[in-house]
Amino acid sequence: NKGGEEEEEEEEEEEEDDEEEEDEGEARKKKTDYFSELSDEYLKNVDENSVQHAMKVAEAKLADMSPDMSAIEEYRKRAVEYKARLADLAEATKIRDDKKKTLDALCSERLDLFMKGFTTISMKLKEMYQMITLGGDAELELVDVHAPFAEGIVFSVRPPKKSWKNISNLSGGEKTLSSLALVFALHHYKPTPLYVMDEIDAALDFKNVSIVANYIKERTKDAQFIIISLRNNMFELADRLVGIYKTHNSTKSVTINPHALATAHIPAR
């Protein structure tokens, strides 16, 4: 078998040599045919040096024009890389589109929840402000209705018998009432178990202190309020009253139950 394979290889080599000889013979024949067409007069006038120079130039150009066969293999490699990158791009694009859909859904949900809360708080704010001021009006407006989260909210109120004003243009007492109305509206929308308020009644007159105190007293059914106050018509409604005082360079406190104290029997002296 080995000897047969060697014979076949020798036969193939002989066939290749025969083909090369045939190609060279055809080339020489074409060259002979070309020169046979030229006249003797033309051949006499031909400068051999010029012809050789022209042949060298033509051969140099031909060498430059010969194809780089390695470029085909490089092209195939690049084609494989391109297909792999194309698949990666398609996968990345799909992931991006899925994430974008998720983001759009979350943004839409956030907007819906915000607008629902904004509407509820706006309506409750109007109600709270009317109750506290006995006839005023309040309103929340979006600066940019098309992009609610971009610019913020405008808080305007109309105190009784007055015109509409931005909260920044109100007096101290009017600002306090407006802020309290907003706090109570927020409490209605999203209740919390504990509120701490520091002298919210400092800029209010007696009537408004009583209105706010009674409303807070009503809200203590479902929340606890810790209020720092110096107004008697505020702290008299408290369930527990903690007094803070200073003596001998130290701070002390005393806690009493106003209702128990009011109903306690005090013996006559």
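Residue 119 - would you say it is among the polar types (S, T, N, Q), out of contact with any Asp or Glu (no Cβ under 8 Å at 6 or more places or on another chain) and closer than 30 Å to residue 181 by Cβ? First the steps, then the outcome.
Details: among the polar types (S, T, N, Q): yes; out of contact with any Asp or Glu (no Cβ under 8 Å at 6 or more places or on another chain): yes; closer than 30 Å to residue 181 by Cβ: yes.
So residue 119 fits the description; yes.
Please indicate, with yes or no, whether at least one residue in the stretch 238-245 is free of Cβ contacts under 8 Å to residues at least 60 places away in the same chain, among the β-branched types (Val, Ile, Thr), touching a Gly at 6+ places or on another chain (Cβ under 9 Å) and over 21 Å from residue 174 (Cα atoms).
No.
Just wondering, is there one or more residues in the stretch 168-180 that are in contact with a helix residue (DSSP H, G or I) (Cβ under 6 Å, 6 or more places away or on another chain), surrounded by 15 or more Cβ atoms within 10 Å (Cβ to Cβ) and farther than 16 Å from residue 212 by Cα?
No - not one qualifying residue is present in the stretch 168-180.
Considering only helices (runs of 4 or more DSSP H) fully contained in the stretch 131-229, which possess at least 3 residues that are under 30 Å from residue 241 (Cβ atoms)?
Result: 172-189, 206-219.
I'd like to verify a number: residues in the stretch 237-251 that are over 51 Å from the mean Cα position of the chain (by Cα) and within 17 Å of residue 200 (Cα to Cα), how many?
Qualifying residue count, the stretch 237-251: 0.
Those residues that are among the hydrophobic types (A, V, I, L, M, F, W, C) and surrounded by 15 or more Cβ atoms within 10 Å (Cβ to Cβ), I need them from the stretch 204-224; list them, please.
From the stretch 204-224, those among the hydrophobic types (A, V, I, L, M, F, W, C) are 204, 206, 209, 211-213, 216, 223; that's our starting set.
Once the filter is applied, which keeps residues that are among the hydrophobic types (A, V, I, L, M, F, W, C) and surrounded by 15 or more Cβ atoms within 10 Å (Cβ to Cβ), the stretch 204-224 yields 204, 209, 211, 212, 213, 216.
Taken together, the values in this text are just the output of simple stated rules run on the coordinates, not laboratory data. Just so it is clear, the structure is predicted and the values come from calculations on it, not from any experiment. FYI the Cβ positions are ideal-geometry reconstructions off the backbone, even for glycines, and counts take in every protein chain you see.
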